[in-house]
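Visitor: I have a structure I would like to understand better, so I am pasting it below and will then ask my questions one at a time.
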Amino acid sequence: MRTILQIVSRVVVSLLFMAGIVGVTPRPALSAAVDPAAVRKSLLLAAEPAGALTPTAAKAKLSKSPQKLVIAGQIAGKGIDPFVKGKASFAMLQLPDDHAKKPGHNADDCPFCKKRLAKAPMVAVQFMGPDGKELAIDARELFGVKQGAEVVVTGVASFNPKLALPIIQLKGEGIFIRKTP
């Protein structure tokens, strides 16, 4: 029974993530007028922004209206690929806490980490172009990141508590890459 619930949960997360990130209508390809190097330069932050929140703290801070936040996390997905192919989007999860940094610690096997991370919301990050549409440049290529990278993203965040799963939508305005795997 638990396995069926895990599979259903992963499918629901995947569908919600893809619906929130990709939308329900196809988007046009990136126009030739957009320079990926210029976009990268405009979004990559030279220094880590102050006041970064965990996804859990961000969820607690978000009210009914969207607000500017700085959120730190790890590019990862709960059983899904965190990237949307060809889009400047990714899923971000809460970073493990300090006890997880001990040598030999495996957050995937630690019951304390599993419990803490299971309650933390996922953050669906999208970077938009000047036209207000999602950038059609793969985030892996745009930022040089891959699954497991620790990042800090600034942007406008919103949270809908009525969704079955806790997902923060973050329209990214800048990204600082702390650490790559």
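For every residue, the table says whether it meets (1) of a type in the set (S, T, N, Q); (2) loosely packed, with under 13 Cβ neighbours inside 10 Å; (3) modelled with pLDDT under 85.
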site	(1), (2), (3)
Ile7	no, yes, yes
Arg10	no, no, yes
Leu16	no, no, yes
Ile21	no, no, yes
Arg40	no, no, no
Pro49	no, no, no
Gly73	no, no, no
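Visitor: Tell me, please, whether a residue that is hydrophobic (A, V, I, L, M, F, W, C) and at pLDDT below 90 can be found in the stretch 120-140.
Guide: So far as the stretch 120-140 goes, yes, one or more of its residues are hydrophobic (A, V, I, L, M, F, W, C) and at pLDDT below 90.
Visitor: Test Lys146 against the criterion of being part of a strand (DSSP E or B), in contact with a Pro (Cβ under 9 Å, 6 or more places away or on another chain) and surrounded by fewer than 21 Cβ atoms within 10 Å (Cβ to Cβ), and give yes or no.
Guide: No; evaluated as a whole, the condition is false for this residue.
Visitor: If you don't mind, another one. Taking the criterion of being loosely packed, with under 15 Cβ neighbours inside 10 Å, more than 17 Å from Lys41 (Cα to Cα) and not basic (Lys, Arg), would at least one residue in the stretch 129-140 satisfy it?
Guide: yes
Visitor: Take the stretch 149-173 and flag every residue that is within 21 Å of Leu45 (Cα to Cα), part of a strand (DSSP E or B) and hydrophobic (A, V, I, L, M, F, W, C).
Guide: Val151, Val152, Val153, Val156, Ala157, Leu170 - these are the residues of the stretch 149-173 that are within 21 Å of Leu45 (Cα to Cα), part of a strand (DSSP E or B) and hydrophobic (A, V, I, L, M, F, W, C).
Visitor: With the condition kept exactly as written, say whether any residue in the stretch 55-69 is touching a Gly at 6+ places or on another chain (Cβ under 8 Å) and charged (D, E, K, R).
Guide: yes
Visitor: Still on this structure, please answer the following. Which condition breaks for Leu95 when tested against (1) crowded, with 20+ Cβ neighbours inside 10 Å; (2) modelled with pLDDT of 90 or more?
Guide: Among (1) crowded, with 20+ Cβ neighbours inside 10 Å; (2) modelled with pLDDT of 90 or more, Leu95 violates only (2).
Visitor: If you don't mind, there's one more thing I want to ask. What about Val34, is it more than 24 Å from Lys179 (Cβ to Cβ), over 17 Å from the mean Cα position of the chain (by Cα), modelled with pLDDT under 90 and surrounded by 13 or more Cβ atoms within 10 Å (Cβ to Cβ)?
Guide: Criteria met by Val34.
The values are calculated or read from the model by the stated rules, or taken from the named source; none is laboratory data. Computed from a prediction, not measured in an experiment: that's the story for all the values here. Glycine gets a Cβ as well: all are built from the backbone with ideal geometry, and neighbour counts include every protein chain shown.
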